[in-house]
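Here, each number is a calculation from the coordinates, and none is a lab measurement. Note that the structure is predicted; figures quoted are calculated from it, not measured. Cβ placement follows ideal geometry from the backbone for every residue including glycine, while neighbour counts extend to all protein chains displayed.
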Amino acid sequence: MTALLEVRNLTKSFGGLKVTNHVDLTLEPGARMALIGPNGAGKTTLVNLITGALAASGGSVRLMGEDVSALPEPVRAARGLIRTFQVTRLFGSMTVAENLRIGAIHRQRRSYAILRRTAVEQALDEAVARVLAQLRLTDRADTPVARLAYGEQRLVELGIALVMEPRVLLLDEPAAGVPQSESHIIMDAIDDLPEDLGVVFIEHDMDLVFRFATEIVVLVSGAVICTGTPSEIAANEEVRRVYFGEAAH
Amino acid sequence: MTSFPTRILGDLAVPLAGLILLALYPSQQAFLAQIAITAILVLSLDLVVGFAGLATLGHAAMFGAGAYAAGLYALHVWSEPLTGLIAGALAGAVVAGATALMLMRAHGLTFLMMTVAISQVLYEIVSKARDVTGGDDGLFGFTMQPVLGVWEFDFFGKLAFWYSLAVLWIVFVLLRRLMVTPFGQTVRAIRDDAGRVGSLGGRVYRHRVVVYTLSGGIAGLAGALSAQTVQVVGLSSLSVTYSAEILVMLVLGGTGRLWGALVGTLVFTVIHHYAASIDPVRWMLFIGLILVVIVLFLPGGLTRGIALIHAWLTGRRAP
């Protein structure tokens, strides 16, 4: 079986500074890969390189066996490579349902539709309703996102990605800023994702990482220092020294 | 979603307002026609400024292009008005579409300056091409056939009023529909966060080019209407000053809501009408003061004020 996502030798330099240093990753269908590392390790940069938001200095990204390195971000997204943002980026003038609808419009390739056709509207409404229900946001559907609590905004952030029915989902700290009491809603939603989907998530909360990850990649100074199952990573001396040692203060 | 009766009422607002204004100013139909035409232009500006979120000072370029195209079409091709409208709309759309390919790669201040530059270039070309456009003297000497072969243009602007009102009505109703289509929603999403739309597979550049071209077509349509009803086209129709003036109207009424374009145009032109007759030199001072107050205290424009009052009266929170 071909890997969903294959990153080879991916490199990004700003001047002399290598923020991403020859990174290799392989994401199999069904994998839940946690990307961990200290602040400034280049985790978000790596996500930006994979999605095409940033142009890589070298290396390649293959999506379902196909080389997408030369394709711009929207084309990669249209092929099922979807990400969320660390700092919530919602459509601020719109309601919750409208925000999800923008995702649905793009998933169903209707962004040029200048007529309101009943069949099209129904398909969009269904896709939106499904994700609203999944994230338990149905009674918030008509609330402007600007009025939501931050935790709920994070859910909408995730919802926009989910409505895209991604093949590969890149989550940049999905639960950041969410109160502990609500973070389980987000993680449950991630847990409920279709089996064959590949998920990469950046996360600082080690409880969440060890609960959900099937695979952990440790990034330090732009380079992968270690990859393995949660138990392998927990036992790794080097990781304990550079990462957990630092996190333990 | 608004309820069915509210939607129908919204669609009927333009003809209703037209009739009320006609009752108030029965002898000033040419003036009312002017308001309707300007309202079409300001609506088209709202597509770019309010819905796509692109501040421009070059929108009159498309209005002027449409006006000159319709004038030349009537003079040299056929003086039938409806096909003249199409000619004007096409001219506006072509100017907008061609320049959008360049413009939409720019952002912020660069974009704004480029809209001014393009508008100035067009102004100079039209000004220098005296043989074709009449230069400073303007383009005149064309007469229009009756609309649909039935209604003759008259000296008092009676036909001009009904004709312009009908076009405004159609444009308003169509734009209201467009705003709730997937395309319209995508354009709004791009205004809110273009990068996010790109991350969902949306083609931001293409959507902007399309909406700018569409807006240019409507501005050209307004220009054509102006040419046909006034039967003179002047250089000022292309000027950056005029672009700024319609932007003031839009800000006055409120950007991003089609009602804002209508209310802003009406309030601006009526104030202009009265203030200019009281003091022809300093009337702009009055407009300026109102604008300062609106921008400082009511950034959403007059329609935002109306929405706030409505919300207060009904005890609900304003949207």
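Considering the protein assembly as shown, its Cα convex hull presents a mean projected area of 31.1 nm². In order along the stretch A:25-33, phi translates into HN-Hα couplings of 9, 10, 10, 8, x, x, 6, 10, 9 Hz, rounded to whole numbers, per the Karplus curve 6.51 cos²θ - 1.76 cosθ + 1.60 with θ = phi - 60° and x for Gly and Pro.
The loop-placed trypsin sites (Lys or Arg not before Pro) in the stretch A:96-146, going by DSSP, that have at most 15 neighbouring Cβ atoms within 10 Å of their Cβ come out as A:Arg109, A:Arg116, A:Arg117, A:Arg136.
Need the full-extension length gain, B:Ala55 to B:Val295, defined as separation in residues times 0.36 nm minus the C-alpha distance. One decimal, nm.
Contour length minus the Cα-Cα distance gives 84.9 nm.
Anyone know which of B:Thr56, B:Thr99, B:Thr38 comes out most mobile in the 10 Å Cα GNM of chain B? For chain B, modelled as a Gaussian network with Cα springs under 10 Å, the answer is B:Thr99.
Compute the FRET efficiency between A:Arg8 and A:Glu232 as 1/(1 + (r/R0)^6), taking r as their Cβ-Cβ distance and R0 = 22 Å, and round to the nearest 0.05. Show your work: numbers first, answer last.
Working: r = 22 Å, r/R0 = 1.01.
The formula returns an efficiency of 0.50 here.
Given the stretch A:5-247, what whole percent of its Cα pairs are spread farther than 27 Å?
Details: 10697 of 29403 pairs.
Cα-Cα pairs of the stretch A:5-247 separated by over 27 Å account for 36 percent.
Our estimate of slack between B:Leu148 and B:Ile8, defined as 0.36 nm per intervening residue step minus the Cα-Cα distance, is 47.7 nm.
Please state the shape class of the stretch A:29-110: rounded when a/c is under 1.5, otherwise prolate if a/b exceeds b/c and oblate if not, all from the C-alpha gyration tensor. In terms of gyration-tensor shape, oblate. Near A:Thr95, the amide H atoms lying under 5 Å from its own belong to A:Val145; only residues 5 or more places off or on other chains count, and H is placed 1.01 Å from N.
Working note: Karplus 6.51/-1.76/1.60 with θ = phi - 60° gives the stretch A:110-124 the couplings 10, 5, 9, 5, 9, 10, 8, 9, 4, 4, 5, 4, 4, 4, 5 Hz, where Gly and Pro are set to x.
Which whole number gives the average, over all residues in A:69-80, of C-beta atoms from other chains lying within 10 Å of the residue C-beta?
Values: counts 0, 0, 0, 2, 6, 10, 2, 2, 6, 4, 1, 1.
Mean number of neighbouring Cβ atoms from other chains: 3.
Return the inverse of the average 1/r over all pairs of distinct C-alpha atoms in chain B, which is the Kirkwood hydrodynamic radius, in Å to one decimal. When all Cα pairs of chain B are included, the Kirkwood radius is 20.1 Å.
Placing a label point 7 Å from the Cα of B:Arg316 along the Cα-to-Cβ direction, the residues of the stretch A:100-142 with a backbone N closer than 13 Å are A:142.
Other protein chain C-beta atoms within 10 Å of residue C-beta, averaged over B:183-193: 6.
For the stretch A:123-229, a Kirkwood radius taken over Cα pairs fed into Stokes-Einstein (37 °C, viscosity 0.692 mPa s) yields D = 219 µm²/s. Near the amide H of A:Glu165, within less than 5 Å, lie no amide hydrogens of residues on another chain or at least 5 residues away, with H placed in the peptide plane. For the protein assembly as shown, a simple Cβ point-charge model (Lys and Arg +1, Asp and Glu -1, everything else neutral) yields a dipole of about 720 debye relative to the Cα centre. Descending by average beta-carbon neighbour count within 10 Å, the peptides A:36-43, B:44-51 line up as B:44-51, A:36-43, the highest first. Counting only DSSP beta bridges with both residues in the protein assembly as shown, the antiparallel share comes to about 60 percent.
Under 5 Å between amide hydrogens, built in the peptide plane, is the criterion, and for A:Thr20 it picks out A:Lys12 among residues at least 5 positions away or on other chains.
Cα gyration tensor of the stretch A:66-179, axes a ≥ b ≥ c as square roots of the eigenvalues: rounded (a/c below 1.5), prolate (a/b > b/c) or oblate? Let's see the in-between values first.
Numbers: a/c = 1.94, a/b = 1.08, b/c = 1.79.
Here the stretch A:66-179 falls in the oblate category.
Taking label points 7 Å from Cα along the Cα-to-Cβ direction, A:Arg130 and A:Arg117 give a separation of 1.9 nm. Residue by residue, the stretch B:179-193 carries 3J(HN,Hα) couplings of 5, 9, 7, x, 4, x, 5, 5, 4, 5, 4, 5, 4, 5, 6 Hz when phi is fed to the Karplus relation 6.51 cos²θ - 1.76 cosθ + 1.60 (θ = phi - 60°); x denotes Gly or Pro.
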